[in-house]
1. Kindly indicate the residue of segment 185-212 that is of a type in the set (Gly, Ala, Ser) and at negative phi and also modelled with the highest pLDDT among those meeting that condition.
2. So for segment 190-208 (the condition being acidic (Asp, Glu), crowded, with 17+ Cβ neighbours inside 10 Å and assigned to a loop (DSSP other than H, G, I, E, B)), does at least one residue qualify?
3. Would you check if there is a residue in segment 281-299 being in contact with a Lys or Arg (Cβ under 8 Å, 6 or more places away or on another chain), of a type in the set (Gly, Ala, Ser), at pLDDT 95 or above and open to solvent by less than 20 Å² (accessible area, probe 1.4 Å)?
4. Restricting attention to segment 24-75, and to residues there that are over 21 Å from Gln204 (Cα atoms) and among the aliphatic types (A, V, I, L, M), which single residue is most open to solvent (accessible area, probe 1.4 Å)?
5. Quickly run through segment 139-168 and pick out the residues that are assigned to a loop (DSSP other than H, G, I, E, B) and modelled with pLDDT of 95 or more.
6. Determine if segment 201-214 includes at least one residue that is more than 20 Å from Ala235 (Cβ to Cβ), touching a strand residue (DSSP E or B) at 6+ places or on another chain (Cβ under 7 Å) and of a type outside the set (Asp, Glu).
7. Keeping to segment 345-372, report how many residues are open to solvent by 20 Å² or more (accessible area, probe 1.4 Å), part of a strand (DSSP E or B) and more than 27 Å from Gly315 (Cα to Cα).
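The values are calculated or read from the model by the stated rules, or taken from the named source; none is laboratory data. Everything numeric in this text was worked out from a predicted model, so none of it was measured. Neighbour counts are summed over all protein chains in view; Cβ atoms, including those assigned to glycine, are modelled from backbone coordinates with ideal geometry. Ligands, DNA and RNA are excluded from the accessible area calculation, which covers all protein heavy atoms including side chains. Shrake-Rupley method; radii C 1.70, N 1.55, O 1.52, S 1.80 Å.
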Amino acid sequence: MIPIIWNTVLQGHNGMFMRMGYTSKSPMGPFEYAPYNPISYKPSGFLKGSGHGSTVKDNRGNYWHYSTMAISVNYKFERRIGMYPAGFEDNGQMYVNTAYGDYPHYLPDTDTESHKYRFTGWMLLSKDKKVTTNSVLKGVKRKVVDEHDKGYMLEQEAANYDISMINDENIRTLWVAEGNGSDIWFEMDLGRTMTINALQLNFQDFNAEIFGRPDDLRQQFVIKTSEDGKEWDIAVDFSDNHEDRPHAYIELKNPVQARYIKYQNIDFPNQYLALGEFRVFGNGNGKKPASPGAFKAQRQPDERNADVSWKAVKGAMGYTLYWGISPDKLNNNVMIYDKNEYALRALNVNQKYYLQVEAFNENGISKKSQIIELQ
């Protein structure tokens with residue numbers, strides 16, 4: 001990933017100017033390579049990307065970094081916009097906090113104890129949970145821009161539209177229904193009763209024939225919840241929605257206790273109802289994972305890379321690895337699902353690093369591990 005300062009020069013609190021990973025005392029240079037680089041980094045998670053953007057100051061004096069997030073299914077430049085808290089450390093070093101960056105965060109008009117840490121603490125409840133539906137499209141090819149001699153884009157996911165694609169934490173894989181009518185539904189089983197605070201529906205353009213932004217572009221649906229799968233309550237009623245909400249994030253007015261969640265389609269503007277992901281956030285009402293142990297890191301022959309590993313933690317959904325060039329400023333991070341190792345590819349040669357790791361699941365985040373050094 002490239003540093004966040006893209007075709008601009010930004011003045012830090014210490015009077016230093018930074019441009020594309022370089023620093024100087026003057027916007028005209030000379031520039032020297034920055035030892036802490038990249039400033040913004042997000043190579044994993046639901047939606048990847050943290051570069052090709054702009055850093056701005058809001059009306060409250062807080063900095064935010066807006067970046068390009070890549071979907072690249074229908075076309076390589078199919079993108080969305082990411083938004084992360086940014087700022088400057090006491091030594092003038094700029095940071096962009098992308099940790100849990102695609103989980104719910106408090107927006108600029110909400111006061112928080114620290115602008116740097118705006119994560120609500122609402123964990124992902126939906127990943128890989130059992131989902132059933134009455135409709136899965138088969139036998140229809142995906143129409144994508146042909147930029148490859150085999151007729152598809154490089155690294156294109158297989159055309160599997162099964163319902164399991166709806167909660168794999170990959171926006172590039174899709175569940176596609178056979179139509180767009182009010183008879184289509186899917187149901188998710190969280191496995192036990194959990195506290196639900198928010199939902200996110202990431203609709204996708206599958207073989208869409210609508211171009212531009214017509215006034216009648218909208219998604220209409222109802223979402224119900226249940227503790228026993230028999231008695232249902234309406235949690236979200238978008239049956240009369242008249243707004244285009246392609247990535248509808250819906251925060252419930254009051255948290256709901258539920259095990260089962262059912263989506264009932266009403267109307268969808270394209271021929272086929274398609275979702276890249278259905279995400280549920282809240283708390284699993286269980287035990288947080290333990291802190292990872294046996295944490296170690298070793299440079300590869302190419303010293304820009306390192307192999308990092310730790311002991312797998314029972315009950316962990318995933319891990320967040322942090323690193324930086326100072327033990328009290330571990331601002332770069334990567335989220336790792338299911339695995340207890342990572343090939344880190346974001347280092348400078350001849351630079352000492354400090355690393356730390358934590359585990360997480362539906363119930364919360366563990367204590368961080370001990371900090372280790374990487375020479």
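1. Restricting to residues being of a type in the set (Gly, Ala, Ser) and at negative phi, the top hit is Ala198.
2. yes
3. Yes, that holds for at least one residue.
4. Of everything passing the filter in segment 24-75, Met28 is most open to solvent (accessible area, probe 1.4 Å).
5. Tyr161, Asp162, Asp168
6. Yes: segment 201-214 contains one or more residues that are more than 20 Å from Ala235 (Cβ to Cβ), touching a strand residue (DSSP E or B) at 6+ places or on another chain (Cβ under 7 Å) and of a type outside the set (Asp, Glu).
7. The total comes to 0.
Yes or no, residue by residue, for (1) in a strand (DSSP E or B); (2) within 21 Å of Thr133 (Cβ to Cβ); (3) in contact (Cβ under 8 Å) with a residue 60 or more places away in the chain:
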site	(1), (2), (3)
Thr225	yes, yes, no
Ala235	yes, yes, no
Asp240	no, no, no
Glu243	no, no, no
Ala248	yes, yes, no
Pro255	yes, no, yes
Asn265	yes, yes, yes
